[in-house]
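The values are calculated or read from the model by the stated rules, or taken from the named source; none is laboratory data. Because the structure is a prediction, the values reported are computed rather than measured. Neighbour counts are summed over all protein chains in view; Cβ atoms, including those assigned to glycine, are modelled from backbone coordinates with ideal geometry.
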Amino acid sequence: MRRGTNLPWVGDYNQAVVLDGIRRSPGTSRTELARSTGLTLQTVSNIVRRLLERELVREDVRRSAAPRTAGKPRAALSVRPGTAVAAGVQFDRDHVVAVLLDLTGDVLDVARAERDGVGPAASVRVAASLVGTLVAAGVERGTVEPGAVRGVGVAVPGPLDFRGPVRSSAINLPGWRGVAVAELLQDHLHLPVLVENDATACAVGELWRSPPGPRSFLHVYVGAGIGGGIVLRDEVLRGESGNAGEIGHVVVDRTGPECTCGSRGCLEACAAPAAVVRSYVGLVGAPAAHRAGLALTESSVLPDHDLLDGLAAAGDAAATAVLRRADEDLADVLIGVVNVVDVGEVVLGGPGLRRGGPRVRAVVHRRLKAAMSHELHGVEVRLSDSGEHAGALGAAGGVLHEALSSSWSTARTPLRATVISPVAPVH
Ligand SMILES: [Zn+2]
């Protein structure tokens, strides 16, 4: 739970804090909000009155069983559904996923299309069409009020170049390097667009769906590459260039394979699904890998990686060896990150863990337990339950998060370059 401040010049920030408090604790009261935010009851009441006038919030007055002795009836506050909505889009190697997220936290709709290897311009057209269809269907069904869509969040594999219009340097999406994805999408949708690195987007999604916190966690995303998103006491850590959490380019083996980033022996070059499949082929040879069932095509990396998990479970020594090495490399990096940023949780997600997630979780848990002093610093390790649209969900959550706290993030960090036109604050 974020804390408010009673300084007068950050009134909009307090409004964001109160709205976030209501969103994360539906049915809460003004008194409870005052307690959880640290704001005075008078300040909370004033803000709630404004939110009620703007119809972002509603209140249900509940009379207790003994109203005469219980004093004033208790007003339960909650966010009004359908009044503030964001779309989220995620591009990965093979798919475009779009979601519609309500300020209440409900996922209103999800759509998905194959990318079929088409380039960025055609993929963006597909994404725009998916978003347009979702919004139209929401308005038709009455779950989205006309004009309620605050913007579109886009999750793409990092690192991203935030100097000027946000450009993808997505080394894992062939043909996307230097593409100003937000501009392309905005040309089609005419809505504010916010671009986020996919791992950070997943962390925002995790935060967005959290009960009142505060929470500090590292979200690890294993897709074509390996990325990380960091949240410290409910604040998303973005860093100087907007690429904080790029754990995939931490070196785990100085004499290891060359990485697409130009370095050598990065975690991603050693432990991402493609690297693990390559290591397996290096050990057993391509003919034996084919006989074991691996397709070894450019689009078969994830299924082949899943298959290695099955082979290891069935006793295949080479599969066991390459997966163990990758898991230990990942654990080495996570121990370093947890020591540096002092998070209490590690959340593991992404399509690269859809089969081997429990195995990776067990290794990371064992290594962290051995490495950290649990008396001082217990670290939970768990698998994400956001499913395959975690990045899109997080990107949409990022739009609402920005809209809720825009004045605060403008005041504190100049990283408005992530938004090519400002996301409209929720007023
Ligand atoms: Zn690298």
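If you go through the stretch 214-229 one residue at a time, do you hit one that is assigned to a strand (DSSP E or B) and surrounded by fewer than 17 Cβ atoms within 10 Å (Cβ to Cβ)?
Checked against the condition, which is being assigned to a strand (DSSP E or B) and surrounded by fewer than 17 Cβ atoms within 10 Å (Cβ to Cβ), the stretch 214-229 yields no hits at all.
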Subset of the stretch 342-401, residues of a type in the set (Ser, Thr, Tyr) and within 28 Å of Leu103 (Cβ to Cβ), comes to Ser384, Ser386
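Taking the conditions exactly as written (within 10 Å of the ligand (Cβ to nearest atom), in a helix (DSSP H, G or I), aliphatic (A, V, I, L, M) and free of Cβ contacts under 8 Å to residues at least 40 places away in the same chain), does Ala289 satisfy them or not?
no
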The correct count of residues that are among the polar types (S, T, N, Q) and either without any contact (Cβ under 8 Å) to a residue 24 or more places away in the chain or in contact with a Cys (Cβ under 8 Å, 6 or more places away or on another chain) (or both) in the stretch 34-62 is 3
Reported set for the stretch 76-105 where residues are over 19 Å from Pro157 (Cβ atoms) and of a type outside the set (A, V, I, L, M) is Ser78, Arg80, Pro81, Gly82, Thr83, Asp102, Thr104, Gly105
Here the residues within the stretch 164-194 that are hydrophobic (A, V, I, L, M, F, W, C) and modelled with pLDDT of 80 or more are Val179, Ala180, Val181, Ala182, Leu184, Leu185, Leu189, Leu191, Val193, Leu194
Of those in the stretch 230-259 that are surrounded by fewer than 21 Cβ atoms within 10 Å (Cβ to Cβ), of a type in the set (Asp, Glu) and assigned to a loop (DSSP other than H, G, I, E, B), the residue farthest from the ligand (Cβ to nearest atom) is Asp234
Item checked: Meets criteria (in contact with a Cys (Cβ under 6 Å, 6 or more places away or on another chain), farther than 18 Å from Gly344 by Cα and within 16 Å of the ligand (Cβ to nearest atom)) for Cys270 -> no
For the stretch 290-306 the number of residues that are surrounded by 21 or more Cβ atoms within 10 Å (Cβ to Cβ) and either of a type in the set (Ser, Thr, Tyr) or at pLDDT 95 or above (or both) is 3
Listed by first then second residue, the pairs whose first member lies in the stretch 243-260 and is of a type in the set (A, V, I, L, M, F, W, C), whose partner is in a strand (DSSP E or B) and within 9 Å of the ligand (Cβ to nearest atom), with beta carbons under 8 Å and at least 6 positions apart or on separate chains, are Val250/Cys266; Val251/Arg264; Val251/Cys266; Val252/Cys266; Cys259/Cys266
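If we only count helices (runs of 4 or more DSSP H) wholly inside the stretch 19-107, which ones have 2 or more residues that are surrounded by fewer than 20 Cβ atoms within 10 Å (Cβ to Cβ) and at pLDDT 85 or above? It would help to see each step written out before you state the result.
On the way: elements: 30-37, 41-53, 67-70.
Passing ranges, in order: 30-37, 41-53.
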I'd like to know if the stretch 298-307 contains one or more residues that are over 19 Å from Asp92 (Cα atoms) and either within 12 Å of the ligand (Cβ to nearest atom) or not assigned by TED's automatic domain parsing to the domain that holds Gly158 (or both).
yes
Inspect the stretch 254-261 for any residue being of a type in the set (D, E, K, R) and more than 27 Å from Thr297 (Cβ to Cβ) and give the result as yes or no. yes
From the option list Asp253, Asp327, single residue qualifying as assigned by TED's automatic domain parsing to the domain that holds Ala362, in contact with a Cys (Cβ under 9 Å, 6 or more places away or on another chain) and closer than 22 Å to Leu368 by Cα is Asp253
